[in-house]
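Before any comments, here is the structure.
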Amino acid sequence: GSVVASYPYDDSATHKPTGVYSKSADDEVFKYLAKAYASHHPIMRTGKPNCPGEEGETFQDGITNGAQWYDVEGGMQDYNYVWANCFEITLELSCCKYPPTSELQQEWENNRDSLLAFIEKV
C-alpha cells in the first residue's frame, strides 16, 4: 500500500513496469479530482507517505499517473473509463492493507475532509 491518489491510465502502450506517463484524453480532469482529494489529506498532500520499505517514495502533490507509478494491464480504473465512460481515481489510503481496528478512527479523521472535498467536485 501507499498514501496517494492515482489516476488513469494505469496501463501504457510499452508495458514498462514503471516510469511511463500514460496520459488519457481527460488527464487534466483526473489530475484535478486527484488533487481535490490529496490536498485535504494530512499525509497524502505531503507527497511523502513514508511507508515501511518504501521510505524514499514520493508523489508530487500526493498524486500520480498510474502507469508512471507502476504499469497495471487490465485494471478496473482503465476499463471503466474506456468502456463505461466512468471517471475513477484509485485511492491508496494506508501503507497497511488491513490497518488494525485501533487505527480506524485516525484513518477516518485523515480522510473525512478529503472525501467531502471530492464529493463536492463530483
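The values are calculated or read from the model by the stated rules, or taken from the named source; none is laboratory data. Here the structure is a predicted model, which is why all the values come from computation and not from measurement. Please note: Cβ atoms are built from the backbone with ideal geometry, for glycine as well, and neighbour counts cover all protein chains shown. The accessibility values were calculated without ligands, DNA or RNA, using every heavy atom of the protein model including side chains. Shrake-Rupley method; radii C 1.70, N 1.55, O 1.52, S 1.80 Å.
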Quiz item: Using a 1.4 angstrom probe and counting only protein chains, how large is the accessible area of Cys86 in Å², to 10?
Solution: 50
Quiz item: When the accessible area of the chain is computed with all protein chains present and a 1.4 Å probe, what percentage of it is carbon and sulfur?
Solution: 54
Quiz item: Could you give the angle, 0 to 90 degrees to the nearest 10, between helix 104-121's Cα long axis and the longest principal axis of the Cα atoms of the chain?
Solution: 50
Quiz item: What percent antiparallel are the DSSP beta bridges of the chain, to the nearest 5?
Solution: 65
Self-check item: Total formal charge among the other residues, if their Cβ is under 14 angstrom from that of Glu103, Lys/Arg +1 and Asp/Glu -1
Solution: -1
Quiz item: Between Gly75, Cys95, Ala38, whose Cα lies farthest towards the positive end of the dipole of the chain when Lys and Arg beta carbons carry +1 and Asp and Glu beta carbons carry -1, centred on the Cα centre?
Solution: Ala38
Quiz prompt | Helix 27-38 vs. the chain, principal-axis angle (Cα, 0 to 90°, nearest 10) | solution = 10
Practice problem: Rank by packing, highest mean first: peptides 64-77, 32-45, 92-105, 7-20, with packing defined as the count of other Cβ atoms within 10 Å averaged across residues. | Solution: 32-45, 64-77, 7-20, 92-105
Practice problem: Work out Dmax and Rg for the chain from the C-alpha atoms and quote the Rg first, both in angstrom. | Solution: 14.2, 42
Quiz item: Per residue, how much accessible area does region 1-121 have with a 1.4 Å probe, in Å²?
Solution: 60
Practice problem: Please list, or write none, the lysines whose alpha carbon is within less than 23 Å of the alpha carbon of Lys121, excluding same-chain residues fewer than 8 places away. | Solution: Lys23, Lys31, Lys35
